[in-house]
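The values are calculated or read from the model by the stated rules, or taken from the named source; none is laboratory data. On a predicted model such as this, the values are computed, not experimentally measured, just so you know. Glycine gets a Cβ as well: all are built from the backbone with ideal geometry, and neighbour counts include every protein chain shown. Note: accessible area is taken over every heavy atom of the protein model, side chains too, but ligands, DNA and RNA are not part of it. Shrake-Rupley method; radii C 1.70, N 1.55, O 1.52, S 1.80 Å.
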Amino acid sequence: MRIESAGPLKGKIVLPGDKSISHRAAMFAAMASGQSRIENYAASEDCASTLGCLSALGVKIGRDGSAVTIDGVGGNGFIRPSSDLDCGNSGTTMRLMAGILAGAGVECVMTGDASLSKRPMRRVVDPLTEMGAGIETEDGHAPLQIKGGKKLTGIEYKLPVASAQVKSCVLLAGLNAEGTTTVIESAPTRDHTERMLEQFGVSVGTETDGATRRISVNGGSLLKGASLRVPGDISAAAFFLVAGAIIEGSQLYLPFVGLNPTRAAVLDVLRQAGAKMSITEHDTGKGEPVGDIEIEGSGTAGLTKARIVIEGDVVANLVDEVPILAILGTQLEGGLEVRDAAELRVKETDRIDAVVKNLRKMGADIEEREDGFLVRRSLLQGAEVDSFGDHRIAMAFAVAGLVAEGVTEIHDAECAAVSFPDFFEQLAAVRTQ
Ligand code: S3P
């Protein structure tokens with residue numbers, strides 16, 4: 001993909017449905033009794049992997065434009081699949097489905113692509129084994145082999161890493177276990193599972209003590225089909241919000257963006273950076289919070305002179321936005337520093353390494369750290385960069401290309417479709433030059 005430097009970006013961005021919420025909506029609908037309708041289901045390849053797995057497990061799925069209807073089979077109604085369940089590039093599919101299938105005692109094998117097969121799976125296998133599941137890995141990695149017919153017992157589990165995928169895996173297994181299952185997190189991670197289980201009629205106990213949260217579900221809880229509309233993906237919005245803020249004269253309108261506080265820390269960083277942004281919230285009752293965002297380009301001169309430091313508990317609330325925030329950092333007079341983000345090294349690629357390598361190729365001043373980086377204000381030069389097969393790296397460097405001098409070429413940029421299939425078309429549509 002060739003990206004030339006751009007003038008102001010103007011217009012409206014239609015975001016894909018939120019990836020994290022879409023995965024959960026499809027899985028919970030499958031585990032429920034009755035039919036569910038999910039509007040604005042993410043068009044992403046990752047969310048298609050979840051539907052593919054569910055359909056191989058005997059779940060009937062209908063499509064109607066961007067809406068998906070699912071006939072639930074109940075927590076124990078999955079059939080043994082006739083072949084391996086292919087999770088593609090999707091960590092959320094593999095880790096959450098592992099909890100559901102271990103809980104339901106379905107014999108199966110879960111596989112993934114080359115990237116997913118390198119990602120750590122012991123983090124879900126350990127708690128599931130403690131609950132009594134029969135689940136094996138290849139040296140801590142996919143394929144995951146789940147043995148059928150095991151009955152699980154509820155546990156109390158303190159998360160060793162701040163991960164919503166691990167939290168969700170254990171809670172979902174807990175729905176089919178004997179007794180109560182409690183997950184303790186010492187830093188809040190995205191809470192879509194907790195919110196959505198309530199929407200499907202399951203009561204979730206939450207106790208908060210400072211930053212620590214204890215989240216509990218009871219074994220034998222039954223899900224009831226529900227209708228919901230998936231908000232636009234704030235992680236997808238982040239690419240256009242940063243592009244809009246750093247290119248002077250831009251005016252972008254992003255309607256219907258998910259504003260869940262456990263996901264929205266990127267907005268706080270943009271505010272801290274001095275971005276001109278206004279948000280109109282919708283009234284969504286008990287559902288996920290949603291709003292329309294307008295952003296106007298400040299350019300470097302209109303943004304903060306101070307350094308932005310991202311560290312500690314907040315990292316979990318913008319973990320997917322760090323690559324694009326690195327690009328923001330190149331345009332800030334004080335630069336931007338990220339600490340406590342070692343988890344980025346085990347995402348779809350090692351995102352710290354990918355950001356550092358690509359930004360250096362573009363002439364940026366960036367120091368690599370084990371758990372993050374420090375990027376200083378830099379005049380970027382067009383260069384040949386690599387997505388490393390990671391959708392968020394591909395899109396972050398498309399935005400870098402907009403503010404770089406000359407032409408930026410991104411190799412293997414089509415992986416953007418993992419979360420945002422028409423990203424490049426929408427980018428082309430809002431360019432004015
Ligand atoms: C996700 C949780 C995060 C995030 C991923 C989606 C989820 O991963 O990076 O894109 O839907 O629960 P971790 O749980 O590994 O932090």
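Which residues, taken from segment 336-348, are surrounded by fewer than 23 Cβ atoms within 10 Å (Cβ to Cβ) and away from the ligand (no atom under 16 Å from the Cβ)?
Once the filter is applied, which keeps residues that are surrounded by fewer than 23 Cβ atoms within 10 Å (Cβ to Cβ) and away from the ligand (no atom under 16 Å from the Cβ), segment 336-348 yields 337, 339.
Would you be able to tell me the number of residues in segment 252-291 that are surrounded by fewer than 17 Cβ atoms within 10 Å (Cβ to Cβ) and outside any loop (DSSP other than H, G, I, E, B)?
9
Taking the conditions exactly as written (surrounded by fewer than 21 Cβ atoms within 10 Å (Cβ to Cβ) and of a type in the set (Gly, Ala, Ser)), does residue 329 satisfy them or not? Spell out how you get there, then give the answer.
On the way: surrounded by fewer than 21 Cβ atoms within 10 Å (Cβ to Cβ): no; of a type in the set (Gly, Ala, Ser): yes.
It is false that residue 329 is surrounded by fewer than 21 Cβ atoms within 10 Å (Cβ to Cβ) and of a type in the set (Gly, Ala, Ser).
Out of 413, 417, 428, which single residue is within 16 Å of residue 89 (Cβ to Cβ) and open to solvent by 10 Å² or more (accessible area, probe 1.4 Å)?
Exactly one residue qualifies, and that residue is 417.
Show me the strands (runs of 3 or more DSSP E) entirely contained within segment 1-119 in which 2 or more residues are without any contact (Cβ under 8 Å) to a residue 12 or more places away in the chain.
60-64
Is it the case that residue 301 is more than 16 Å from the ligand (Cβ to nearest atom), modelled with pLDDT under 95 and open to solvent by 20 Å² or more (accessible area, probe 1.4 Å)? Can you show your working first?
Numbers: more than 16 Å from the ligand (Cβ to nearest atom): yes; modelled with pLDDT under 95: yes; open to solvent by 20 Å² or more (accessible area, probe 1.4 Å): yes.
Criteria met by residue 301.
Any chance you could count how many residues in segment 158-196 are in contact with a helix residue (DSSP H, G or I) (Cβ under 6 Å, 6 or more places away or on another chain), of a type outside the set (A, V, I, L, M) and more than 14 Å from the ligand (Cβ to nearest atom)?
Number of matching residues: 2.
For segment 69-95, enumerate the residues that are touching a Leu at 6+ places or on another chain (Cβ under 9 Å), more than 19 Å from residue 224 (Cα to Cα) and not basic (Lys, Arg).
79, 81, 85, 87, 88, 89, 90, 91, 93, 94
Do the conditions hold for residue 364, that is, is it in a loop (DSSP other than H, G, I, E, B), touching a helix residue (DSSP H, G or I) at 6+ places or on another chain (Cβ under 6 Å), among the hydrophobic types (A, V, I, L, M, F, W, C) and away from the ligand (no atom under 16 Å from the Cβ)? Break it down into steps so the answer makes sense when it comes.
Working: in a loop (DSSP other than H, G, I, E, B): yes; touching a helix residue (DSSP H, G or I) at 6+ places or on another chain (Cβ under 6 Å): yes; among the hydrophobic types (A, V, I, L, M, F, W, C): yes; away from the ligand (no atom under 16 Å from the Cβ): yes.
For residue 364, the condition - in a loop (DSSP other than H, G, I, E, B), touching a helix residue (DSSP H, G or I) at 6+ places or on another chain (Cβ under 6 Å), among the hydrophobic types (A, V, I, L, M, F, W, C) and away from the ligand (no atom under 16 Å from the Cβ) - is met.
Could you please find all residues in segment 123-148 being touching a Ser or Thr at 6+ places or on another chain (Cβ under 7 Å) and either outside any helix (DSSP H, G or I) or open to solvent by 20 Å² or more (accessible area, probe 1.4 Å) (or both)? Break it down into steps so the answer makes sense when it comes.
In the first step, residues of segment 123-148 are kept if they are touching a Ser or Thr at 6+ places or on another chain (Cβ under 7 Å); the result is 123, 125, 131-132, 135, 141-144.
Scanning segment 123-148 gives 123, 131, 132, 135, 141, 142, 143, 144.
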